Amino acid sequence: MKVLLHEMSWPEAKEYFAKSDIVILPVGANEQHGPANPLGTDHLIARSIAEETAKRTGVLCLQVIPFGVSAHHKQFWGTVFISAGTFKRYVGETCLSLSYCGVRKIVVVNGHGGNLAALSDLARELRENGVFMSVFQWWPAAARLLPDLFAGEERRHAGAEETSVNLALHPNLVSMSRALDEQPRGHAVQVEGLTLPLSTVDETGSGVYGKQSTASAEKGRKVFEAVVNELVRHVDLLKRARVEDLTQKPKV
Ligand SMILES: [Zn+2]
């Protein structure tokens with residue numbers, strides 16, 4: 001059975017949507033992840049998690065949306081960035097076009113933390129319009145499921161955790177000979193509780209936050225398996241959930 005939308009013909013899609021009101025949509029970014037990792041890291045990982053979950057659940061998976069909210073990485077070559085508003089509208093219109101096919105449940109697999117605010121906003125708006133969108137992110141899932149696998153300094157942007165997942169999924173795209181560790185710089189005015197409008201170059205010269213050199217494919221495979229299992233659990237629960245129980249509640 002096919003589970004990737006772009007591989008189906010329209011009669012095959014019709015057959016799927018006649019029986020099912022749920023899809024998986026991976027989204028990510030195309031941004032720097034230090035000299036060792038590919039620019040596509042965030043969308044490639046999201047796509048792999050989404051497609052594997054689709055295979056295991058029989059739920060249809062869409063093509064990955066590769067560009068996201070990444071302006072804070074723009075000083076590094078090859079980063080492609082769009083605004084939060086444009087991203088939200090693009091994902092939103094994608095979801096609404098699916099609702100024309102009868103889709104009421106959309107599981108977004110987000111590979112880039114910078115997209116989360118726009119996705120959370122969008123999920124609330126869609127719920128008001130009768131479409132329930134959930135957002136899954138693998139790194140908080142991994143931290144809960146595998147708390148002992150990586151130290152805090154290995155868990156940040158382009159660190160050993162993310163690099164390990166790249167090594168597990170597409171080792172040919174990672175150059176471990178260029179892996180490095182960099183302690184990010186604090187800003188002169190930084191105190192506890194302060195949020196500053198900084199770019200990555202304000203904090204690191206390489207684009208790596210913390211420890212990257214300890215990445216391993218074996219650890220990456222453990223992360224991938226754990227997060228896919230968790231996402232499969234969510235998709236199965238959502239598949240069975242009644243739409244009326246997911247849509248917005250009336251005033252009490
Ligand atoms: Zn990333």
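The values are calculated or read from the model by the stated rules, or taken from the named source; none is laboratory data. Predicted model, so just to flag it, every value in this text is computed and none were measured. Cβ coordinates were reconstructed from backbone atoms using ideal geometry, including for glycine residues, and neighbour counts include every protein chain displayed. Heavy atoms of the whole protein, side chains included, go into the accessibility calculation; ligands, DNA and RNA do not. Shrake-Rupley method; radii C 1.70, N 1.55, O 1.52, S 1.80 Å.
Please report the antiparallel percentage of the DSSP beta bridges confined to region 16-110, to the nearest 5.
10 percent
With a sphere of radius 15 Å drawn around the Cβ of Ala160, what net charge do the other residues whose Cβ falls strictly inside it have (Lys, Arg +1; Asp, Glu -1)?
Cβ neighbours under 15 Å give a net charge of -1.
Hey, any idea what % of region 133-196's accessible area is carbon plus sulfur with a 1.4 Å probe?
For region 133-196, the apolar C and S fraction of the accessible surface comes to 50 percent.
Round to the nearest 0.05 the FRET efficiency obtained for Leu173 and Leu4 when R0 = 25 Å and r is the Cβ-Cβ distance.
Approximately 0.75, to the nearest 0.05.
Could you sort Phe81, Phe136 by accessible area so the largest value comes first, with the probe set to 1.4 Å? Write down the numbers at each step before the final one.
Numbers: Phe81 90, Phe136 25 Å².
Reading off the accessible areas and sorting them downward yields Phe81, Phe136.
State which entries of Lys55/Lys239; Lys88/Lys251; Lys2/Lys88; Lys2/Lys55 exceed 18 angstrom in Cα-Cα distance in the structure shown.
Lys88/Lys251; Lys2/Lys88
Please give the helix 84-99 orientation as an angle from the longest Cα principal axis of the chain, in degrees from 0 to 90, rounded to the nearest 10.
Once rounded, the angle reads 30 degrees.
Rounded to the nearest 500 deg cm²/dmol, what is the calculated helix-only ellipticity per residue at 222 nm for the chain, with -39500 (n - 2.57) per DSSP H run of length n ≥ 4?
-13000 deg cm²/dmol
For Asp21, Asp202, what's the largest-to-smallest order of accessible area, 1.4 Å probe?
Order by accessible area, largest first: Asp202, Asp21.
Carbon and sulfur together cover what percent of the accessible area of region 1-111 at a 1.4 Å probe radius?
Details: 2870 of 4870 Å².
The C+S portion of the solvent-accessible surface of region 1-111 is 59 percent.
For the chain, give the share of DSSP beta bridges that are antiparallel, in percent and rounded to the nearest 5; count only bridges with both residues there.
Rounded to the nearest five, the antiparallel share is 10 percent.
Of Asp148, Asp245, Asp236, which has the most accessible area with a 1.4 Å probe, and how do the rest follow in descending order?
Ranking Asp148, Asp245, Asp236 by accessible area, largest first, yields Asp148, Asp245, Asp236.
For the chain, modelled as a Gaussian network with Cα springs under 10 Å, which listed residue fluctuates most, Val201, Val228, Val64?
Result: Val201 has the largest fluctuation of those listed.
Can you tell me which lysines have their Cα less than 19 Å from the Cα of Lys249? Leave out same-chain residues fewer than eight positions away.
Result set, ordered by chain and number: Lys105.
Please say if region 169-252 is rounded, prolate or oblate, where rounded means a/c under 1.5 for a ≥ b ≥ c the square roots of the C-alpha gyration tensor eigenvalues, and otherwise the choice is prolate for a/b larger than b/c and oblate otherwise?
oblate
Output the 0 to 90 degree angle, nearest 10, between the alpha-carbon long axis of helix 217-240 and the longest principal axis computed from the alpha carbons of the chain.
30 degrees
Compute, for Glu51, the solvent-accessible surface of its heavy atoms (probe 1.4 Å) with the complete set of protein chains present, and express it in square angstrom to the nearest 10.
Per-residue accessible area (Glu51): approximately 50 Å².
Where only protein heavy atoms count, and the probe is 1.4 Å, what is the accessible area per residue for the chain in Å²?
Per residue, the chain has 51 Å² of solvent-accessible surface.
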